[in-house]
Amino acid sequence: MFTVPAFSRLRQGSVWGVLGLVVALALPARAKVYIDINAPALRPIPVAIPVLRKEAGVSGEPHRVVAEVLRWDLGFAGLFDVVDPRAYLEDPQRAPLQPDAAGFADWMAVGAELLVKGRVAAAETGVAVDLWAYDVLRRRFLLGRHYEGPSEAVRSMAHRFANTLLEEFTGTPGPFGTRIAYVAGAGRAKELALVDMDGAGPVRLTRTGSLNLNPSWARDGKYLYYTSYVLGGPDLYLLDLSLGRSWVVSRREGIDLGGKDSPDGKEILVTLSDKGNPEIYRMDKASHRLVRLTRSRAIDVAPAWSPDGRQIAFVSDRMGNPHIFVMNRDGGDVRRLTFAGTHNGDPDWSPRGDWIAYTGKDERGVFQVFLVDPQGRETRQLTFGPRDTYDPSWSPDGRFLAVTSNREGEKAVYVFRVGGQEFRRITPRGEVAEQPAWGPVLP
């Protein structure tokens, strides 16, 4: 019978064994070295993920679902290269759960340097899932986790293990299992929808037959702010995701846009035009008291908080064309960040605070996604090609972006890793989708 190695041993094996490093690192015995997945010279780690062993009493195919989810997650992380399952030599239903010498040799023969194995067993709550990771080159156990819950929760269990593996190698857990809100539909009817970051479980959140736009998450992940024309609008609403009910947040003359939650969850940023042209305000969520931040004859819109809540990025055409600006939370010290291009918009501040993603036109007039640092000293173009890509929204770990693109002919939502060029479509085919908003990691 297979015995899971003691938890006290989980951190004893160095993850560097799977990297096949030539140079030994002279580090203190307890030092932990992490990998930068955006490093240009990084060699992805070949990982094998066979289907899990399915024990008696388990119905359906959760053993296959877990493996498929792990392959999607780890294959997209930028750190791993999933070995083609058609090359695997062992039968996962018969092979030892703890690899022996012959087992490690077989995995090394197919090019694997990291191995993830597991089993699914029946439990009072539904199923129990055990997952273990092994360093194939050093024939060493790395880490293991045990999960229990209803059978429909196995996708979440797989996402949690993928996040744990990514944290083991990089020091920061992954965003797998998070959800992305977006706008679905065309013409007069645009409804809010929700989908997992891997494209699973798309659902409609509103069915008003009206325009529902610009979703934005509350910090706790329980609510969505959005702008709707259901009463003639555009008015600002708050949607309770658990109840499926909405409340009016702001219904003034003119436009009511925004709803960006502050890092401390006490305020939201809104754009209002009841005083004339669109201006940016801070609104206290408890009292609805407003603090006006911009005072110009230009259009000031699309505010986005910095992670520490001290600064706000926004879009203004005060210099002629729309560009990205930054100001302090009180509206002071306004600084222009972008100078190239004729149209820049959609700013979203990275959770790490080091970059602001935004939409801009390239030299051909095609919308692309760019990065600018908060001081405006460096700009990077992230997307390329003949098709428009826009509406960037950061993942909670700051490694990925969700975007709108018509790269396949129709507008859809895609996710990609910053520094990579692999775009994965996550909204259903045949559905027009746009304006993604990446949700937080939930407890």
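Just to verify a result, which residue in region 295-323, among those that are in contact with a Lys or Arg (Cβ under 6 Å, 6 or more places away or on another chain) and modelled with pLDDT under 95, is surrounded by the most Cβ atoms within 10 Å (Cβ to Cβ)?
Of everything passing the filter in region 295-323, Ala298 is surrounded by the most Cβ atoms within 10 Å (Cβ to Cβ).
Would you confirm, using the coordinates I've provided, whether Ser287 is of a type in the set (Gly, Ala, Ser), open to solvent by 60 Å² or more (accessible area, probe 1.4 Å) and not in a strand (DSSP E or B)?
So Ser287 passes the test.
So which residues in region 235-288 are in contact with a Lys or Arg (Cβ under 8 Å, 6 or more places away or on another chain) and aromatic (Phe, Trp, Tyr), if there are any at all?
The answer is Tyr281, and nothing else.
What residue, of Pro85, Pro92, is in contact with a strand residue (DSSP E or B) (Cβ under 9 Å, 6 or more places away or on another chain), under 30 Å from Arg417 (Cβ atoms), open to solvent by 40 Å² or more (accessible area, probe 1.4 Å) and not acidic (Asp, Glu)?
Working: Pro92 fails: open to solvent by 40 Å² or more (accessible area, probe 1.4 Å).
From the options Pro85, Pro92, the qualifying one is Pro85.
Name the one entry in Glu422, Glu408, Glu431, Glu363 that is in a loop (DSSP other than H, G, I, E, B), among the acidic types (Asp, Glu) and open to solvent by less than 50 Å² (accessible area, probe 1.4 Å).
Glu431
If the Cβ limit is 7 Å and pairs must be 6+ apart or interchain, which residue in region 52-65 that is in contact (Cβ under 8 Å) with a residue 12 or more places away in the chain pairs with which residue that is loosely packed, with under 14 Cβ neighbours inside 10 Å and of a type outside the set (Lys, Arg)?
These pairs meet every condition: Arg53/Gln93; Lys54/Gln93.
Restricting the first residue to region 75-89 and requiring it to be under 8 Å from Ala48 (Cα atoms) and among the aliphatic types (A, V, I, L, M), which pairs with a second residue that is open to solvent by less than 50 Å² (accessible area, probe 1.4 Å) and part of a loop (DSSP other than H, G, I, E, B) meet a Cβ separation below 6 Å and a spacing of at least six or different chains?
Matching pairs, first to second residue: Val83/Val110; Val83/Gly111; Val83/Ala112.
What is the one condition in (1) assigned to a loop (DSSP other than H, G, I, E, B); (2) surrounded by fewer than 19 Cβ atoms within 10 Å (Cβ to Cβ) that Asp198 does not satisfy?
(2)
The values are calculated or read from the model by the stated rules, or taken from the named source; none is laboratory data. This structure is a prediction, so every number in the text was calculated from the model and none was measured. Here Cβ is always computed from backbone atoms with ideal geometry, including for glycine, and neighbour counts include all displayed protein chains. With ligands, DNA and RNA removed, areas are computed over all heavy atoms of the protein, side chains included. Shrake-Rupley method; radii C 1.70, N 1.55, O 1.52, S 1.80 Å.
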